[in-house]
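*Asks:* Pasting a structure here, questions to come.
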Amino acid sequence: MHDDPTQDKASMTALSLGALGVVYGDIGTSPLYAFKEAFSPGHSLGVDPANVYGVLSLIFWALTIIVTVKYVGLALRADNDGEGGILALMALVMRRYAAPSRGRVLVVVLGLVGAAMFYGDSIITPAISVLSAIEGTAVATPLLQDAVIPLTVAVLIGLFLVQKRGTALVGAYFGPVMLLWFIAIGLLGLFHVASHPLVLRALNPWWGIEMFVREPGLALFLLGAVFLTLTGGEALYADMGHFGRVPIRRAWLAVVMPGLLLNYFGQGALVLAHPAAGKNPFFYLAPGWALWPLVVLATLATVIASQAVISGAYSMTTQAIKLGYLPRMRVLFTNERNQGQIYVPFINWTMLLFVLALVLAFRSSDNLAAAYGIAVNITMVTTTIFLWLVAPQRWQWRTRRANVVFIPLILVELLFVSSNALKVDHGGWFPLVFGAAVYTMLSTWKRGRSLLKRQLQEHALNLQDFVHSLSTYPPTRVEGTAIYLTPNAETVPHALLHNLKHNKVLHERVVFLSAQTADVPHVSAEQGIEMRPMEEGIYLLHVRFGFKDEPDIRQLLKDCERLSGLEFHLMETSFFLARQTIIPSKIPGMAVWREVLFSWMSRNAQEASDYFRIPPNRVVELGTQIEI
């Protein structure tokens, strides 16, 4: 039976339209502030043909090299079973190295730095994009200048408040709205390019090179503004799992890139004809009658861009939890039919707090532009390094070929890093500090969990020895099934030892459940469930989840029944969990302040029973104190 090509084409079109709304919101709203930032008074860049052509040339070639070549051409080929993003790519690279090796440790450090900087960027995107759109009201009516900040705050609060309701309802409109946005900004740009066609001379790379020859210091500084046109590039790769590489590529080449380039070149043509328009060239592109509709459309587009970044932060968080770099958090599913639509309350309210703080502290998109870019730039460099490491294995590239491709890419991105570093004093420190705080939490949780595991193993009882001892010293057995969650399948869970010590009974059927997260997005039940019977009515159940799979104990037990034939009756099953209270100490391991941080994170972690969706009335918790 052959697939219906018409149906495939319709499906691909729908996916490409969806990609416009989710993937390209951030990079698609960059024209609101990127070109304007290049000619801001702080740069002292005169509005003359050489400078305008130079900036446009840098923008064109930056979009071509970084987005089209690196992300659309290369990164989309480096999927981890269909998933993209810095953590998925890190898991892919880690397969090259043995567990204790220095290479593996370095890969983990780089991956965590990239992920942490993603968070630093994700709190600036909503602030700068919504603020830059609302600033259009001041262009339309200067009387509304004082209302820009209150309106921005109101829109942002509304955006974060509706997150818990999910994006299913409004998500259907994201693609069409962004399609309208790209068509509108492309047509606005085309009108002005047609009136000043000489601006297309900027396609020649010499104009960008000439700026570095003529004024290298100023050109390096300007790269920070040029980089603002690229800030959504990482989202293109991170959202690959939602849409697939082909729809993302088609949307970029057919709609997004043409719309962006026409708008940037239109802004250049406008500024050459009317230098005063440089204070907000995007909104001055529109004729008077279209200004208010453009403000409304820009606001909708920036809300969609912010939504995409917020959703990305949720996804990044759940991946970090699964891979063991963050404690369990409460995750709500906002759409029963689509597990990708989630809501993480802690991340939502933390982001809102920092986004509002940024708006109130910086008060304009010009000021925020100085803070924007450095964090995602570091994430981009990390992605390039990982792609470089993956290429020989994944694509069977020779080392020489990989070097020829990725060394120039790294050099270009490091040039952007050096430019963005010049903005650290003007606000760029904020995402760096925020990212450093996130990195500290990610690395502290991972290190703390390994220290905790080591402490538990030092005082643990070997599982095989314990099972054999039951025939020699049989305890009192009671009816039913007891399932003990354990991080280590080779030792006896502390919860069982406490139960025997205090209650002096053992259930007639005992299951030791150990769960592990694989470095792939999804693991099927057939591949992920391993049930091994032992003596004395004891079973060892080992489960592997993908880092995007959602644990559900009911479904897990159903799969166990189907695969092993062992029946489970939930109302006759008790789940025993060990709750560890971490006591910071002077035992060698981590600095005391990190142990205090780990203890706080552990206390505030989501209950294991909630994470595995275990019915509360079937849970027995037994506590223990552990020094690390």
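The values are calculated or read from the model by the stated rules, or taken from the named source; none is laboratory data. From a predicted model like this one, the values you see are computed outputs, not experimental measurements. As a convention, Cβ positions derive from the backbone with ideal geometry for all residues, glycine included, and neighbour counts pool all protein chains shown.
*Asks:* Inspect region 469-482 for any residue being assigned to a loop (DSSP other than H, G, I, E, B) and within 37 Å of the chain's Cα centre (by Cα) and give the result as yes or no.
*Replies:* Within region 469-482, not a single residue is assigned to a loop (DSSP other than H, G, I, E, B) and within 37 Å of the chain's Cα centre (by Cα).
*Asks:* Let me ask something additional. Quick check on my filter: what residues within region 229-268 are among the aliphatic types (A, V, I, L, M) and surrounded by 24 or more Cβ atoms within 10 Å (Cβ to Cβ)?
*Replies:* Of the residues in region 229-268, the ones among the aliphatic types (A, V, I, L, M) are 230, 235-236, 238, 240, 246, 248, 251, 253-257, 260-262.
L230, A235, L236, A238, M240, I248, A251, V256, L260 - these are the residues of region 229-268 that are among the aliphatic types (A, V, I, L, M) and surrounded by 24 or more Cβ atoms within 10 Å (Cβ to Cβ).
*Asks:* Please verify whether region 73-83 includes one or more residues that are in contact (Cβ under 8 Å) with a residue 60 or more places away in the chain, surrounded by 24 or more Cβ atoms within 10 Å (Cβ to Cβ) and either of a type in the set (S, T, N, Q) or in a helix (DSSP H, G or I) (or both).
*Replies:* Looking only at region 73-83, we keep the residues that are in contact (Cβ under 8 Å) with a residue 60 or more places away in the chain, and these are 74-83.
Right, trim to surrounded by 24 or more Cβ atoms within 10 Å (Cβ to Cβ) and you get 75, 80, 83.
When the remaining residues are screened for being either of a type in the set (S, T, N, Q) or in a helix (DSSP H, G or I) (or both), the result is 75, 80.
Yes, some residue in region 73-83 is in contact (Cβ under 8 Å) with a residue 60 or more places away in the chain, surrounded by 24 or more Cβ atoms within 10 Å (Cβ to Cβ) and either of a type in the set (S, T, N, Q) or in a helix (DSSP H, G or I) (or both).
*Asks:* Scan region 367-381 for residues that are touching a helix residue (DSSP H, G or I) at 6+ places or on another chain (Cβ under 7 Å) and either small (G, A, S) or within 13 Å of K423 (Cα to Cα) (or both) and jot them down. Show your work before the answer.
*Replies:* Of region 367-381, the ones touching a helix residue (DSSP H, G or I) at 6+ places or on another chain (Cβ under 7 Å) are 368-381.
Matches in region 367-381: L368, A369, A370, A371, Y372, G373, I374, A375, N377.
*Asks:* Here is a list: R477, R454. Which entry is within 28 Å of R96 (Cα to Cα) and among the basic types (K, R)? First the steps, then the outcome.
*Replies:* On the way: R477 fails: within 28 Å of R96 (Cα to Cα).
Only one candidate passes the filter, namely R454.
*Asks:* Also: I want to confirm something. Restricting to region 453-463 and keeping residues that are out of contact with any helix residue (DSSP H, G or I) (no Cβ under 8 Å at 6 or more places or on another chain) and part of a helix (DSSP H, G or I), which single residue is farthest from L323 (Cα to Cα)?
*Replies:* L463
*Asks:* Hey, another quick one. Filter region 589-626 for residues that are of a type in the set (D, E) and assigned to a helix (DSSP H, G or I); which is modelled with the lowest pLDDT?
*Replies:* So, considering only residues that are of a type in the set (D, E) and assigned to a helix (DSSP H, G or I), the one modelled with the lowest pLDDT is D610.
*Asks:* Okay, next question. Quick one: is S16 surrounded by 12 or more Cβ atoms within 10 Å (Cβ to Cβ), modelled with pLDDT of 85 or more and of a type in the set (S, T, N, Q)? Lay out the reasoning, then the answer.
*Replies:* Working: surrounded by 12 or more Cβ atoms within 10 Å (Cβ to Cβ): yes; modelled with pLDDT of 85 or more: no; of a type in the set (S, T, N, Q): yes.
The answer is no for S16.
*Asks:* Using beta carbons and a limit of 9 Å, which pairs, at least six apart or on different chains, have the first residue in region 252-281 and closer than 19 Å to A140 by Cβ and the second one charged (D, E, K, R)?
*Replies:* Listed pairs, sorted by first residue: Q267/K36; G278/K36; K279/K36; N280/K36; N280/E135; P281/K36.
*Asks:* Need pairs with beta-carbon distance below 8 Å; first residue assigned to a helix (DSSP H, G or I) and within region 103-120, second acidic (D, E) and crowded, with 24+ Cβ neighbours inside 10 Å; sequence gap 6+ or separate chains.
*Replies:* F118/E234
*Asks:* Please verify whether T476 is surrounded by 16 or more Cβ atoms within 10 Å (Cβ to Cβ) and polar (S, T, N, Q), treating the condition exactly as stated. Let's see the steps before the verdict.
*Replies:* Details: surrounded by 16 or more Cβ atoms within 10 Å (Cβ to Cβ): no; polar (S, T, N, Q): yes.
In short, no.
*Asks:* Given T68, T64, which one is hydroxyl-bearing (S, T, Y), at negative phi and in contact (Cβ under 8 Å) with a residue 24 or more places away in the chain? Step through it out loud before you land on a result.
*Replies:* Working: T64 fails: in contact (Cβ under 8 Å) with a residue 24 or more places away in the chain.
On inspection, the qualifying residue turns out to be T68.
*Asks:* A further question on this structure: How many of the residues making up region 269-308 are modelled with pLDDT of 90 or more, among the small types (G, A, S) and buried (at least 18 other Cβ atoms within 10 Å of the Cβ)?
*Replies:* The total comes to 4.
*Asks:* Still on this structure, please answer the following. I'd like the full set of residues that are farther than 16 Å from V511 by Cβ and modelled with pLDDT under 85, limited to region 531-552.
*Replies:* G546, F547, K548, D549, E550
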